[in-house]
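Single-structure report; data block below.
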Amino acid sequence: MIPDAAREHIRRQLLDDEGLRFKPYTDTVGKLTIGIGRNLDDVGISAVEAYDLLDHDIDRAVHALVGRYAWFPDLDPVRQAVLVNLCFNMGPASLAKFKHTLAAIARGDYAAAARGLRNSKWYRQVQAARSARLIRMLESGAWPT
């Protein structure tokens with residue numbers, strides 16, 4: 001509908017007019033805004049944008065895990081998924097505080113790792129269905145049915 005060359009001009013103008021912000025802020029009329037003038041209060045994000053953000057966040061979690069734990073790539077995909085979920089949920093710095101749980105995972109002692117999660121503040125804070133599912137996955141190495 002709009003030629004690519006015109007779209008590029010519009011993009012540059014809007015970038016100049018709106019600026020680029022990587023964290024939400026309140027604009028001049030009190031609307032929660034992010035990016036290049038995206039009005040989150042009135043427009044929000046689309047499902048496509050939400051899934052795009054999710055994919056980027058999964059990639060960020062995987063990258064953090066690979067960077068911190070040399071043993072992570074050697075885990076089976078189910079247990080990798082558990083750690084990605086945990087890293088996504090609490091962030092890599094908070095996950096790193098689970099020293100005994102992570103050490104148990106590294107040595108393949110999944111029962112001990114599961115006990116560590118069950119005895120944690122995380123276990124009491126998240127939804128019971130999530131914690132139970134992740135612990136079952138960690139213990140069994142099987143995807144939930």
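Taking 4 °C and 1.567 mPa s as conditions, the range 79-145 diffuses translationally at an estimated 111 µm²/s according to Stokes-Einstein applied to its Kirkwood radius (Cα pairs). Subtracting the Cα-Cα distance of residue 70 and residue 31 from 0.36 nm times their residue separation leaves 9.7 nm of extension gain.
For residue 107 and residue 40, FRET efficiency with R0 = 41 Å and r from the beta-carbon atoms, rounded to 0.05? Step by step, r from the Cβ atoms, then E = 0.40. Modelled spin-label separation between residue 4 and residue 16, with each label point placed 7 Å from Cα along the Cα-to-Cβ direction: 2.3 nm. Shape summary of the range 3-59, radius of gyration then Dmax from alpha carbon positions: 13.1, 35 Å.
What's the extension gain from residue 56 to residue 93 if we count 0.36 nm per residue and subtract their Cα-Cα distance? Fully extending the segment from residue 56 to residue 93 adds 11.5 nm. Computed over the chain, the per-residue total of -39500 (n - 2.57) for DSSP H runs of n ≥ 4 gives a 222 nm mean residue ellipticity of -19000 deg cm²/dmol, rounded to 500. Across the range 47-140, Cα pairs under 8 Å and at least six residues apart give a relative contact order of 24 percent.
Taking only the Cα atoms of the chain, the ratio Rg/Rh comes out at 1.13, with Rh defined as the Kirkwood radius. Quick one: Cα centre-to-centre distance for the range 103-137 and the range 46-100, in angstrom? Cα centres, the range 103-137 to the range 46-100: 15 Å.
Read-outs throughout are calculated quantities, based only on the coordinates presented, and are distinct from any laboratory measurement. Since the model is a prediction, treat every value here as computed from it, not as a measurement. Cβ atoms come from the backbone with ideal geometry, glycine included; neighbour counts cover every protein chain shown.
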